[in-house]
1. Do you know which residues across region 122-167 are farther than 18 Å from VAL39 by Cβ and of a type in the set (Ser, Thr, Tyr)?
2. Which of (1) in contact with a strand residue (DSSP E or B) (Cβ under 9 Å, 6 or more places away or on another chain); (2) at pLDDT below 95 is the odd one out, the single condition ASN41 does not satisfy?
3. So PHE10 fits all but one of (1) modelled with pLDDT of 55 or more; (2) surrounded by 10 or more Cβ atoms within 10 Å (Cβ to Cβ); what number is the exception?
4. VAL69: part of a strand (DSSP E or B), touching a Leu at 6+ places or on another chain (Cβ under 6 Å) and either small (Gly, Ala, Ser) or within 19 Å of GLY156 (Cα to Cα) (or both), yes or no?
5. I want to confirm something. Restricting to region 72-101 and keeping residues that are among the hydroxyl-bearing types (Ser, Thr, Tyr) and either touching a helix residue (DSSP H, G or I) at 6+ places or on another chain (Cβ under 7 Å) or in a loop (DSSP other than H, G, I, E, B) (or both), which single residue is least open to solvent (accessible area, probe 1.4 Å)?
6. Confirm whether ILE107 is modelled with pLDDT under 95 and buried (at least 16 other Cβ atoms within 10 Å of the Cβ).
7. From the residues in region 117-153 that are open to solvent by 60 Å² or more (accessible area, probe 1.4 Å) and acidic (Asp, Glu), which one is farthest from the chain's Cα centre (by Cα)?
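The values are calculated or read from the model by the stated rules, or taken from the named source; none is laboratory data. Note that this is a predicted model, so its numbers are computed, not measured. Virtual Cβ from ideal backbone geometry, glycine too; neighbours counted across all protein chains shown. Note: accessible area is taken over every heavy atom of the protein model, side chains too, but ligands, DNA and RNA are not part of it. Shrake-Rupley method; radii C 1.70, N 1.55, O 1.52, S 1.80 Å.
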Amino acid sequence: MRKLVLFLLFVCCCQFNSLFAFSVEQIVNPKTSCANCYVANQDGILSNNTVNTLNLLLDSLNQRTGIEVAVVAIEGEETTSARDLSMELFDAWKIGKKGEDNGIIVILTKTSREVFIRTGYGVEGILTDALSTRIVNNYMIPYFKEGKWDEGFLSGVSQIVRTLEKSYENNSKSYENKTKNYFIFSLFYLIISLIYF
């Protein structure tokens with residue numbers, strides 16, 4: 001009888017805790033607000049001006065490169081893992097274009113004091129794990145330690161955007177050069193063909 005009572009008590013405790021456990025479903029996908037929204041800020045950690053600035057910055061990046069970056073700033077709980085939560089959100093929100101896996105998520109869990117940048121396979125060659133860690137440590141955490149959440153996100157996300165746009169521009173120039181070379185080669189081949197044949 002005593003074992004049964006202890007077991008029932010344990011089950012009740014588990015059920016009680018699950019009611020208040022933090023889950024990915026509690027985070028509102030910014031895309032439900034508007035197509036050009038990229039920032040989840042339901043706990044009001046970031047100011048409206050910062051949210052608007054980030055949305056404009058990330059929408060411009062998306063329009064130019066097709067890369068989608070989601071920003072999440074939440075209170076969470078002491079046991080909330082930014083790394084684990086980023087993976088769940090990546091799957092739940094389908095960040096990035098289908099088939100290209102070119103999404104990125106930047107997440108802060110304020111209560112557990114964790115920051116993490118997760119990248120899809122399509123962009124991890126540009127924004128590597130090592131580079132992501134440097135961005136977090138050098139451009140975000142120094143501000144976060146002082147409670148400057150706006151400045152930290154603006155600094156970190158701006159660095160991410162600069163990195164992605166620089167890579168995109170370099171690839172575009174490389175493509176243009178290849179196209180020019182191909183055109184010149186084709187023209188040269190045509191001239192030679194006309195002369196000899």
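1. Hits for region 122-167 are THR128, SER132, THR133, THR163, SER167.
2. With respect to (1) in contact with a strand residue (DSSP E or B) (Cβ under 9 Å, 6 or more places away or on another chain); (2) at pLDDT below 95, ASN41 is out only on (2).
3. Tallying (1) modelled with pLDDT of 55 or more; (2) surrounded by 10 or more Cβ atoms within 10 Å (Cβ to Cβ), PHE10 fails exactly one: (1).
4. So VAL69 passes the test.
5. Filtering region 72-101 for residues that are among the hydroxyl-bearing types (Ser, Thr, Tyr) and either touching a helix residue (DSSP H, G or I) at 6+ places or on another chain (Cβ under 7 Å) or in a loop (DSSP other than H, G, I, E, B) (or both), the one least open to solvent (accessible area, probe 1.4 Å) comes out as THR80.
6. no
7. The selected residue is GLU146.
Every residue, every condition in (1) open to solvent by less than 20 Å² (accessible area, probe 1.4 Å); (2) closer than 18 Å to GLY120 by Cβ; (3) of a type outside the set (Phe, Trp, Tyr); (4) at pLDDT 95 or above, yes or no:
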| site | (1), (2), (3), (4) |
| --- | --- |
| VAL5 | no, no, yes, no |
| PHE20 | no, no, no, no |
| GLU25 | no, no, yes, no |
| ASN52 | no, no, yes, yes |
| LEU56 | no, no, yes, yes |
